[in-house]
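Q: I have a structure here, written as structure tokens, and I will follow up with some questions on it.
The values are calculated or read from the model by the stated rules, or taken from the named source; none is laboratory data. Everything quoted here is computed from the prediction, not taken from an experiment. Every residue, glycine among them, receives a Cβ derived from its backbone with ideal geometry; neighbour counts consider all protein chains shown. To get the accessible areas, we keep the full protein, side chains included, count just its heavy atoms, and leave off ligands, DNA and RNA. Shrake-Rupley method; radii C 1.70, N 1.55, O 1.52, S 1.80 Å.
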Amino acid sequence: MKTYKKYFIISAICLISCVSCDYLDVVPDNVATIDYAFRNRAVCEKYLFTCYSYLPQHGDVANDPAMSGGDETWKTLRNNFAVQEIAYGKQSLTNPILNFWNGENGGKNLWQGIRDCNIFLENVDKVHDLPDYEKTRWVAEVKFLKAYYHFYLFRMYGPIPIVDVNTPIGASPDEVTPYRDPVDAVVKYIADLLDEAAEALPLEREIIEGIEAGRINNLIAKSMRAKVLVYAASKLFNGNTDYAKMINGRGVQLFPQEYDPEKWKLAADACLEAIEMCHAQNKRLYDLVDPQLGLVNDTFKIQTTYREAICDRWNCELIWGSVNYDCKALSYRAQAKIMQLVAENSLVYSEWSPTMKLVEKYYSNHGVPIDEDKEWISEGWYANRYKVRPEPSSGAEKYIVKEGQKTAYMHYNREVRFYASIGFDRGIYFGNSYTQFPENVKHLETRAGEYNGTYNVLAGHHPTTGYNSKKVHSYKNAVVYQSNNSTTEFYPFPIIRLADLYLLYAEALNEYSGPSDEIFKYIDAVRARVQLEGVRESWAKYSNNPQKPNDKDNLRDIIHQERTIELAMEGERFWDILRWKKISELNEDPMGWNMLGETEEDFYKVVPVAQKSIDEFTVKNYFWPIKESELVRNKKLLQNYGW
């Protein structure tokens, strides 16, 4: 890891000296400097890592739009992240938030990244001491990066210009101001380039973890190709008539107006190919029990195993993990801002809290939605879910709620992923060296004035919604504060893991041909890890709509909810909402418990924790605006609809 970080520091210097920062300025401005950068293997390798340095900060709750820009979580107003302005509906035309087109307001200039990738590909043959086998690999890595940067821009801005080669010196102004290319052309370009890269990339086992962790292998390329094709088949890009007027200056329709179901077949085939390659290289759903857990109760073992699917470094489920920015930034933002624990007084606080909406998405202990569970309905648990259960925790409940304490009905009889992911009032917190039950396992107290509630409100360190996140937070000494000292548990944040790929495959198959045994095979595998029965079995036994999985439209809803639960707080739901064309869901105000309530009666009231912008999310919000000044600079560009 230290070696990898060193390369990025060096490559940042190389980046400054070798390239210009102008938007879509693909003309090399200093040929002598470029030649110097490719004079031998050592400096060429620095340039390779310059190409890597543009990777977005996946998992950073301050700079990843998918972590704080949607409806899964909410952050305190104090020291608010700019990215949360997206969630408020305050995206700007004149100064876009997380502007990856220009590299402003927390975004990296991905056009500059593409330009550097092209410079590398155009000049790597000049390196006299670079072995052929190594050159082949480096070229494939850079092709992947170029494809991925195109995809990231495509996902944010829709149809974009394809920049396959840099414009030569002496090009006319007309040649350096490209048009936006249509969706299908962009997708084909990205998918083909990923395929081309995969052919020459090494297997995962050929990556040396100590010095090459995070570098691209063929599983990453094939899995990303599958994800790209799922996006292309989704409603946002497949037959989207909302953007019928998006026609570029050459008269080309940018969004295909006819829905093509065959795109789902193409996506399903790509997902299966990637899955089979993963299996061939020993990838599997994470099911390891950490030896450190020893004789810990099975309840905690199952919960922790699910958490460790994300936090156990380079584990058997991880396909691509992010290490592209400073490890401290990941530990601080993606863990410290999520949940912190002070050992001396049990203080746990969170600036980045799950919303009530996310909490209600998790299934019952029967593996069906809580508003469908027959027992939840007949026993009155659903109708009374916001009320405090009069009976205190007892018996086996002591593993989820502090024994003798009371909490809301909604916190009982939920699935494993709920207890593994969500910290709630009077709920047990397992981790941070507190792994001996019941001697020193902690519980949360999140009401007004309590250590896990508004005790630290002046510093902004409190859970806005009354909930804390356990997920995306390692149980092993991650951000433990003892006498002003802290330790962190670094892990590569998952960009793609196998469960994601399984659910994408199930979604693609269902959209193409409806329910089938193959679909349930992969959904049920994800559910089995957390000891849930299969979809058909669960709905038949426990749901008031037992035939729901047998209908294509209803199964779509099940798959969408399964993705929301399994991949919660991992940066997937935000992009899923957009590609599914469910933007209206972002209009709902974030809800939580009344954090000013000191008593049970006052705390357990569902209230809005923030009010969104008066401007509703509409069709225009599916894509980022292109900064106004860029439309002046390149008059061929077409602004995104509604902006």
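Q: Any chance you could count how many residues in region 256-293 are of a type in the set (Gly, Ala, Ser) and open to solvent by 40 Å² or more (accessible area, probe 1.4 Å)?
A: Total meeting the criteria: 1.
Q: Do we find a residue being modelled with pLDDT of 95 or more and either farther than 17 Å from Cys278 by Cα or within 26 Å of the chain's Cα centre (by Cα) (or both) anywhere in region 202-214?
A: Taking every residue of region 202-214 in turn, none turns out to be modelled with pLDDT of 95 or more and either farther than 17 Å from Cys278 by Cα or within 26 Å of the chain's Cα centre (by Cα) (or both).
Q: Within region 123-182, how many residues are open to solvent by 50 Å² or more (accessible area, probe 1.4 Å) and among the polar types (S, T, N, Q)?
A: Total satisfying the criteria: 1.
Q: Tell me the residue from Tyr505, Tyr481, Tyr451, Tyr455 that is more than 20 Å from Thr304 (Cα to Cα), modelled with pLDDT of 90 or more and of a type outside the set (A, V, I, L, M), please.
A: Residue meeting the stated conditions: Tyr505.
Q: Moving to a separate point now. Looking only at residues that are surrounded by fewer than 24 Cβ atoms within 10 Å (Cβ to Cβ) and over 19 Å from Asn587 (Cα atoms) in region 61-75, which one is modelled with the highest pLDDT?
A: Asp64
Q: In region 493-543, what residues are assigned to a helix (DSSP H, G or I) and among the polar types (S, T, N, Q)?
A: Passing the criteria: Asn510, Ser513, Ser538.
Q: Would you confirm whether any residue within region 157-174 is on the phi > 0 side of the Ramachandran plot and modelled with pLDDT of 90 or more?
A: yes
Q: Tell me which of these Thr435 doesn't satisfy, since it passes every other one: (1) among the polar types (S, T, N, Q); (2) open to solvent by less than 20 Å² (accessible area, probe 1.4 Å); (3) touching a helix residue (DSSP H, G or I) at 6+ places or on another chain (Cβ under 7 Å); (4) at pLDDT below 95.
A: Every listed condition holds for Thr435 apart from (2).
Q: A follow-up question, please. State which residue pairs qualify: first residue more than 19 Å from Glu104 (Cα to Cα) and inside region 615-633, second residue of a type in the set (Phe, Trp, Tyr) in any location, beta carbons under 7 Å apart, and separation of 6 or more residues or different chains.
A: Close Cβ pairs satisfying both conditions: Val619/Tyr641; Lys620/Tyr641; Lys620/Trp643.
For every residue, the table says whether it meets (1) acidic (Asp, Glu); (2) more than 19 Å from Val163 (Cα to Cα).
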residue: Pro182; (1), (2): no, no
residue: Ile190; (1), (2): no, no
residue: Glu196; (1), (2): yes, no
residue: Ala244; (1), (2): no, yes
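Q: Then there is this: Ile119: assigned to a helix (DSSP H, G or I) and open to solvent by less than 10 Å² (accessible area, probe 1.4 Å), yes or no?
A: yes
Q: Now for a separate question. Regarding region 32-48, can at least one residue be identified that is at pLDDT below 70 and over 25 Å from the mean Cα position of the chain (by Cα)?
A: Scanning region 32-48 turns up at least one residue that is at pLDDT below 70 and over 25 Å from the mean Cα position of the chain (by Cα).
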